[in-house]
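Trainee: One structure is given below, represented as structure tokens, and several questions about it will come after.
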Amino acid sequence: MRVVIAGGHGKIALRLTRRLSTRGDTVLGLIRHLEQADDIAAQGGEPVVCDLERASVKAIAAVLAGASASVFAAGAGPGSGPERKLTVDRDGAIKLLEAGRSADVPGYVMISSFGAEAPPAGEDPFSVYLRAKAAADAAVQASDRDWTIVRPGRLTDGRGIGRVRIDLEPFRGEVPRDDIAAVLDALLHDPPAVRRILYVNGGEDSIEQALAASLARPAVSI
């Protein structure tokens, strides 16, 4: 499998790159700065300098050519203002989606956020971030791609234990980035998860059990 990860230098992206490359998949990590390249290569990925804020859809589509799926793991990051929440978290995700359609990449996995189902109206950066995520999620849901949206709760850097709770409706919690990477790994290799919004936090079930249980239930509209 050939997978392209936008935001390839992010904490979840690097973990996912390591997992996929260990499987034998080819992983391209899109980065903004060349100095990030060595970190991606160290995880078995192929770094590609491609700034979603500045690159055209055509240029991004050229990178995506031949891929089975793209993963949006990019983000403006803490400390960024409201404007970049829109240009990265909303517009970057939509641009990657359009490029995937142009390059005929069937799969699209979106790392979203708990709270995107009902974003607040404030103008503070976090409120704008959740509205940006909600807008990007809506575009993904309206697309013809084989999409999956993952909405984790509070992310931690603790060691993953491979035990999660996955639900189709919102619930609060926290989850290690290790375990989110493991969930994404499973989703990329498990087509029945397409066209679902999955809320993920720490729990008692193995990832395989949690996914199977959530996918056995009818999808809900959020």
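Trainee: Go through 46-58, 139-151 and give me the packing order, highest mean Cβ count within 10 Å leading.
Mentor: On the way: 46-58: 16.0, 139-151: 18.5.
Ranking, from highest mean packing down: 139-151, 46-58.
Trainee: Let me ask you something else. Sorting check: for 63-70, 29-36, 131-138, which peptide has the highest mean count of neighbouring beta carbons within 10 Å, and how do the rest follow?
Mentor: Values: 63-70: 19.9, 29-36: 18.4, 131-138: 21.8.
Output ranking for 63-70, 29-36, 131-138: 131-138, 63-70, 29-36.
Trainee: Across segment 123-140, in residue order, what do the Karplus-derived ³J(HN,Hα) couplings come to in whole Hz, using 6.51 cos²θ - 1.76 cosθ + 1.60 with θ = phi - 60° and x for Gly and Pro?
Mentor: 9, 5, x, 6, 5, 5, 4, 5, 5, 5, 4, 4, 5, 5, 4, 4, 5, 5
Trainee: Find out how many positive minus negative residues lie around R217, taking Lys and Arg as positive, Asp and Glu as negative, among other residues whose Cβ is under 15 Å from that of R217. Mind showing how you got there, number by number?
Mentor: Working: positive: R165, R195, R196; negative: D167, E169, D205.
Computed value for this residue: 0.
Trainee: Here's another thing I want to ask about it. At 222 nm, what value in deg cm²/dmol follows for the chain if DSSP H runs of at least 4 each add -39500 (n - 2.57) and the sum is divided by all its residues, to the nearest 500?
Mentor: Numbers: 7 runs with 77 residues, N = 222.
Per the formula, -10500 deg cm²/dmol.
Trainee: Please list, ordered by chain and number, the residues whose modelled amide H lies under 5 Å from the amide H of V49; skip anything fewer than 5 residues away on the same chain.
Mentor: Long-range HN contacts for V49: I31.
Trainee: What are the ³J(HN,Hα) couplings of segment 170-185, residue after residue, when phi is run through the Karplus curve with 6.51, -1.76, 1.60 and θ = phi - 60°? Round to Hz, x for glycine and proline.
Mentor: x, 7, 7, x, 9, 7, x, 4, 3, 6, 5, 4, 5, 5, 4, 4
Trainee: OK, next. I need the shape label for segment 2-215. Rule: rounded when a/c is under 1.5, else prolate if a/b > b/c, else oblate, with a, b, c from the alpha carbon gyration tensor. Could you put the intermediate results ahead of the total?
Mentor: On the way: a/c = 1.34, a/b = 1.10, b/c = 1.22.
Here segment 2-215 falls in the rounded category.
Coordinate-derived values only; no laboratory data. All of these numbers come straight from a predicted model, not from anything done at the bench. Note that we place each Cβ from the backbone using ideal geometry, even for glycine, and neighbour counts take in every protein chain shown.
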